[in-house]
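Only one structure is covered here, and it is reproduced in the block below.
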Amino acid sequence: MEIDRCNYLIISKNSVIFILASVLVNGTAGMALIYYLPRYLLNLGNELSVIQFVTTLYPFTFTFLPPFLGKLSDKLQNRYYFILTGSIGISTFFLLLLFSTNIAIITSILIFYAVFASFYRVIFSLYQELIENDPKYVSYYNAVSVFGWFLGSQIGGIFLDLFEISSVLIFILITSLINIFFVIFIKEERSKILQRNEFLKINDSYENNSNNRVIEKGVSRALYFALFFRHFGVRPIITILAVLMSFHLTSDTQIGFLLGFNPLLQFFLMLITGKIITNKNQKIIIVIGFLLSSVAIFGYMVSTEFFGFLLSQIMVSFSFALFWNAIQIYIAQKTNPLNKGKYLGYAQSSFFSGGFVGGLFLSLLLLFNPNYYAFMWILMFFPLISVCSIILSFKS
């Protein structure tokens, strides 16, 4: 893989802008749901073990659908209808969630929401094709995504301080409806994408023959194992982070700031790392990112006041920005319009399956002891397995 092997071409600047706008508002709604759904369920009188199980169950859909939908979009050579279907479905089930108080119905709604969210995630494949895998623009996508997370967590905390918990659900619904507006204006430009891919394929073939070199094919499987174990340890804690903070902090605005500070810092880090990632430092950046995940978990365990949680949020910000940006740039450079959806789907599946299994693991432990802090130290070791996977098996 050569990150600087050609001059990149933006196939459709308008569509790129609309995709980034869509990702921003979708990330805003999605993060508000992730952070404040546990508070909503707790307000309905549910037990902590039930809340952990519900917030773990619906992401399970992300463990098998992304590879299937990615392969299907590769085969059909159409991404747009997947994206449009997903955005409409997301809004529909956010509307249903607004009128639901029964935990079984809420769980069913969340599962269907995850199905349509999987459809929507095909948007990253289309984006990479439109920007021709340019590392700089891949980092822009990641930066815009996490800035949406910042808006979702921060505005959600403000809504909680000013209104009741159901107001957050209204905010999520309105934001998801805005997302549909941006999706409507996206143009796939499939014929241009395929023509440009054929041109680059011929150009690369000529260059390889001239220099007598062979380019390695496929995506390293070590990445999938690393993503799985990292999210196994981190996702169960992130899911209930607002609850953990509420044990020690009394202000929802403070909690909202802490939750929002994480993606806000990631926004700037994504932009910076997108400029510095190369073949030479790619592996070490991924390793440092996973290592910092364990440091962040330890920080959450010992934090009892605002500045302790702030430092932990800084660590997890550096962690995610480093390994996620490097991995997404790597996958973008190693794929093409005929297989991009499949490989991105595998990465998403590994990431979310780790979160599901880790969350289920913590849920089972909570049945024996409802104290979160009794088991968090176990989760701290799983990102270290990711570090070992990259060091031993991954080659840039």
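The values are calculated or read from the model by the stated rules, or taken from the named source; none is laboratory data. Being a predicted model, the structure only gives us computed values, none of them experimental. All Cβ positions, even for glycine, are placed from backbone atoms using ideal geometry, and neighbour counts span all protein chains on display.
Points to keep in mind about this one:
- Single match in 87, 139, 125 (criterion: under 26 Å from residue 56 (Cβ atoms) and part of a helix (DSSP H, G or I)): 87
- Matching residues, segment 326-347, being over 24 Å from residue 284 (Cβ atoms) and buried (at least 21 other Cβ atoms within 10 Å of the Cβ): 340, 341, 342, 345
- Among (1) in contact with a helix residue (DSSP H, G or I) (Cβ under 6 Å, 6 or more places away or on another chain); (2) under 29 Å from residue 322 (Cα atoms); (3) at pLDDT below 90; (4) assigned to a helix (DSSP H, G or I) - the single one residue 244 does not satisfy: (1)
- Residue ID - modelled with the highest pLDDT, chosen from residues in segment 90-122 that are of a type in the set (A, V, I, L, M, F, W, C) and outside any helix (DSSP H, G or I): 122
- The residues in segment 14-63 that are at pLDDT below 90 and either β-branched (Val, Ile, Thr) or in a helix (DSSP H, G or I) (or both) can be counted, and the count is 30.
- Segment 179-196: number of residues that are touching a Leu at 6+ places or on another chain (Cβ under 7 Å), outside any helix (DSSP H, G or I) and buried (at least 19 other Cβ atoms within 10 Å of the Cβ): 1
- Members of segment 151-167 found to be at pLDDT 80 or above and surrounded by 23 or more Cβ atoms within 10 Å (Cβ to Cβ), listed by number: 152
- Evaluated against (1) in contact with a Ser or Thr (Cβ under 7 Å, 6 or more places away or on another chain); (2) crowded, with 19+ Cβ neighbours inside 10 Å, residue 271 falls short on exactly one condition, (2).
- Where residue 322 falls short, out of the listed (1) within 18 Å of residue 381 (Cα to Cα); (2) crowded, with 18+ Cβ neighbours inside 10 Å: (1)
- Residue match in segment 5-13 (condition: assigned to a helix (DSSP H, G or I), in contact with a helix residue (DSSP H, G or I) (Cβ under 6 Å, 6 or more places away or on another chain) and either in contact (Cβ under 8 Å) with a residue 12 or more places away in the chain or of a type in the set (Gly, Ala, Ser) (or both)): no
Let's see how each residue does on (1) of a type in the set (Gly, Ala, Ser); (2) crowded, with 21+ Cβ neighbours inside 10 Å:
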{"position": "9", "(1), (2)": "no, no"}
{"position": "12", "(1), (2)": "yes, no"}
{"position": "16", "(1), (2)": "no, no"}
{"position": "19", "(1), (2)": "no, yes"}
{"position": "26", "(1), (2)": "no, yes"}
{"position": "36", "(1), (2)": "no, yes"}
{"position": "40", "(1), (2)": "no, no"}
{"position": "44", "(1), (2)": "no, no"}
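- Against the test of being crowded, with 19+ Cβ neighbours inside 10 Å, among the charged types (D, E, K, R) and within 14 Å of residue 322 (Cα to Cα), the options 235, 230 yield a single qualifying residue, 230.
- Residue match in segment 216-228 (condition: at positive phi and modelled with pLDDT under 90): yes
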